[in-house]
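The values are calculated or read from the model by the stated rules, or taken from the named source; none is laboratory data. Keep in mind it's a predicted model, so treat the numbers as computed, not measured. Note that each Cβ is placed from the backbone with ideal geometry, even for glycine, and that neighbours are counted across all protein chains shown.
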Amino acid sequence: MAITGRLRRFHRWHGLAMSLIVLGAAGSGLLHVLMSRQPPPPAPRPAVGLDLAAARVAPGELAALLPDGAVPTAASLRPIGGRPYWQVVLAGQPWPSYVDAASGLLDPQAERRYAAEIARSHLGVDAISYAGELTAFDREYIAIFRILPVHRFTSPDGRGTRVYVSTLTGSVTRHTDDARQAEADLFSLLHKWMFITHRGWRDGLLAASMASLCLLAMGGMLLFALTRGRRAAGAQPSPGSSPPR
């Protein structure tokens with residue numbers, strides 16, 4: 001009897017403390033539903049075709065055209081500014097190198113131009129601004145987007161539209177704006193506890209809170225089992241009592 005009373009008091013205060021976590025999780029779940037109903041980003045414009053006939057440089061000639069000591073790990077033809085370019089991924093380098101497949105010239109500016117073409121094609125506008133490069137994840141471009149490095153471009157549309165572009169995949173890896181990002185930030189705070197900057201502490205506290213919620217649920221089931229027999233006995237009429245009318 002005393003054990004049941006102590007367990008009931010602990011369960012009550014435990015539930016009160018965990019209610020804050022439940023509210024945060026439920027609120028972020030509702031926010032996730034609202035985020036999923038956002039209108040999709042604009043459809044990209046058709047990609048520029050690749051003029052294979054203009055490519056004069058064969059893959060076997062690339063090694064002699066690259067900087068000394070460069071070790072190529074992959075190469076592919078990309079259309080940049082209406083011309084075919086060899087995009088060459090080099091070992092130990094975050095950004096690829098580009099060789100004009102028609103002239104055989106190494107072009108150090110082709111990476112930025114190619115990224116801008118991808119961003120313009122995706123947004124369907126020509127007026128974009130370069131906002132920098134990312135070689136590590138940050139609070140807006142988080143690890144779930146997976147692909148690095150990327151370029152960041154903004155659009156002067158009044159909504160704070162910005163896109164992240166990977167030239168290695170030839171695509172936009174993330175499209176957002178001020179309103180979308182505000183919802184994403186709120187979701188990250190409520191659901192992922194991003195206000196805790198240290199990842200180890202954040203993951204540990206999230207795991208501890210989920211374990212505590214499991215303990216709360218198991219405590220409720222245990223209390224139900226312990227008090228079920230007493231409730232059933234209390235519902236039976238006592239000997240000599242008159243039946244209810």
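Results, tabulated for the structure shown:
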read-out	value
Residue pairs meeting the criteria (Cβ under 7 Å; at least 6 apart or on separate chains; first more than 13 Å from Leu106 (Cα to Cα), in the range 56-80; second surrounded by fewer than 11 Cβ atoms within 10 Å (Cβ to Cβ) and not hydroxyl-bearing (Ser, Thr, Tyr))	Val71/Ala91; Thr73/Ala91; Pro79/Gly49
Selection within the range 78-91 - surrounded by fewer than 16 Cβ atoms within 10 Å (Cβ to Cβ) and either under 20 Å from Ala119 (Cα atoms) or over 28 Å from the mean Cα position of the chain (by Cα) (or both)	Gly81, Gly82
Total residues in the range 135-174, condition among the acidic types (Asp, Glu) and under 23 Å from Phe195 (Cα atoms)	2
Some residue of the range 179-188 being under 12 Å from the mean Cα position of the chain (by Cα), under 30 Å from Leu77 (Cα atoms) and either modelled with pLDDT of 95 or more or not aliphatic (A, V, I, L, M) (or both)	no
Which numbered condition Asp203 misses (of (1) more than 21 Å from Leu31 (Cα to Cα); (2) modelled with pLDDT of 90 or more; (3) under 17 Å from the mean Cα position of the chain (by Cα))	(2)
Subset of the range 124-146 [part of a helix (DSSP H, G or I) and either more than 23 Å from the chain's Cα centre (by Cα) or over 13 Å from Ser171 (Cβ atoms) (or both)]	Ala143, Ile144
Residue in the range 108-130 that is more than 19 Å from Ile80 (Cβ to Cβ), small (Gly, Ala, Ser), touching a Phe, Trp or Tyr at 6+ places or on another chain (Cβ under 8 Å) and touching a residue at least 24 places away in the same chain (Cβ under 8 Å) present	yes
Identity of the residue in the range 92-104, in contact with a strand residue (DSSP E or B) (Cβ under 7 Å, 6 or more places away or on another chain) and not polar (S, T, N, Q), that ends up farthest from Ile118 (Cα to Cα)	Ala102
Ala64, sole failed condition from (1) over 33 Å from the mean Cα position of the chain (by Cα); (2) buried (at least 17 other Cβ atoms within 10 Å of the Cβ); (3) over 15 Å from Glu117 (Cβ atoms)	(2)
Subset of the range 1-16 (residues that are touching a residue at least 12 places away in the same chain (Cβ under 8 Å) and more than 16 Å from Met218 (Cβ to Cβ))	none
In the range 70-96, the residues that are of a type outside the set (Val, Ile, Thr), part of a loop (DSSP other than H, G, I, E, B) and either more than 19 Å from Thr135 (Cα to Cα) or touching a helix residue (DSSP H, G or I) at 6+ places or on another chain (Cβ under 8 Å) (or both)	Ala70, Gly81, Gly82, Trp95, Pro96
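Results for (1) at pLDDT below 95; (2) touching a helix residue (DSSP H, G or I) at 6+ places or on another chain (Cβ under 8 Å); (3) part of a strand (DSSP E or B); (4) farther than 18 Å from Val172 by Cβ, shown as yes or no for each residue.
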{"position": "Ala47", "(1), (2), (3), (4)": "yes, yes, no, no"}
{"position": "Leu62", "(1), (2), (3), (4)": "yes, no, no, yes"}
{"position": "Asp68", "(1), (2), (3), (4)": "yes, no, no, yes"}
{"position": "Tyr98", "(1), (2), (3), (4)": "no, yes, yes, yes"}
{"position": "Arg113", "(1), (2), (3), (4)": "no, no, no, no"}
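Residue-by-condition table, conditions (1) exposed (fewer than 12 other Cβ atoms within 10 Å of the Cβ); (2) within 30 Å of Ala70 (Cα to Cα); (3) not small (Gly, Ala, Ser):
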residue: Ala110; (1), (2), (3): no, yes, no
residue: Arg113; (1), (2), (3): no, yes, yes
residue: Leu123; (1), (2), (3): no, no, yes
residue: Ala127; (1), (2), (3): yes, no, no
residue: Ala136; (1), (2), (3): yes, yes, no
residue: Val172; (1), (2), (3): no, yes, yes
residue: Arg199; (1), (2), (3): yes, no, yes
